[in-house]
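Participant: This is the structure I want to talk about, given as structure tokens.
The values are calculated or read from the model by the stated rules, or taken from the named source; none is laboratory data. Since we're looking at a predicted model, the values are computed, not measured. Reconstructed Cβ throughout: ideal geometry from the backbone, glycine too, with neighbour counts over all protein chains shown.
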Amino acid sequence: MNFIDASCRNSLYLNRYSDQQFAMTSTAGKSRAKAKGAKGQGAKRGSATPRAERPFPRLRIMVRPGLVLGPGKVELLEAIDRTGSISAAGREMGMSYRRAWLLVSALNEMFGRTLVTTSPGGAGGGGAQVTAFGRAVAEAYRRADERSNAAIREEFARIGHIMNDA
């Protein structure tokens, strides 16, 4: 099979993007599959890391209904922390400023606490800073992602199948 899809009470799900032909995601009983031809291989728009270089399971955590923390939002948080700017982080990830701003807005709403603070632009410049809580969320996500990767490898090793990262 070209994908692994696991759902757990609609609050946590993992999916594996294979370097083969299909990617599938399932949430709350709704699923979509996307066939990809040769042109669709590699990085998807707005992705900082090409798909072939990503670890296979992609952890997504439904923090609140309709608000999901996943690798893209965490990558954006990390890019904002590096660059000090939503605009620069968006450019680094290949997304528009509007898209990056909407994701930051969702992040700030998701936990009921501020993950990214902003100051208005202009002559003196503006900028964005990831709060200590925002860094803690990103670090917690990375730890959970590593643990889920290890658990998946362990479970599939029990049945004699070695899971590859790409």
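Per-residue answers, yes or no, for (1) more than 17 Å from Leu102 (Cα to Cα); (2) in contact (Cβ under 8 Å) with a residue 12 or more places away in the chain; (3) surrounded by 16 or more Cβ atoms within 10 Å (Cβ to Cβ):
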{"site": "Thr117", "(1), (2), (3)": "no, yes, no"}
{"site": "Ala123", "(1), (2), (3)": "yes, no, no"}
{"site": "Gly134", "(1), (2), (3)": "no, yes, yes"}
{"site": "Ala144", "(1), (2), (3)": "yes, yes, no"}
{"site": "Ala150", "(1), (2), (3)": "yes, no, no"}
{"site": "Ile159", "(1), (2), (3)": "yes, no, no"}
{"site": "Asn164", "(1), (2), (3)": "yes, yes, no"}
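Participant: In the list Ala144, Ala123, Ala140, which residue meets the criterion of being more than 15 Å from the chain's Cα centre (by Cα) and of a type outside the set (Ser, Thr, Tyr)? Lay out the reasoning, then the answer.
Facilitator: Numbers: Ala144 fails: more than 15 Å from the chain's Cα centre (by Cα); Ala140 fails: more than 15 Å from the chain's Cα centre (by Cα).
Of Ala144, Ala123, Ala140, the one residue that is more than 15 Å from the chain's Cα centre (by Cα) and of a type outside the set (Ser, Thr, Tyr) is Ala123.
Participant: Kindly provide the set of residues from the range 65-121 that are modelled with pLDDT of 95 or more, β-branched (Val, Ile, Thr) and under 17 Å from Ala132 (Cβ atoms), ordered by number.
Facilitator: Selection gives Val74, Ile80, Val104, Thr114, Val116, Thr117.
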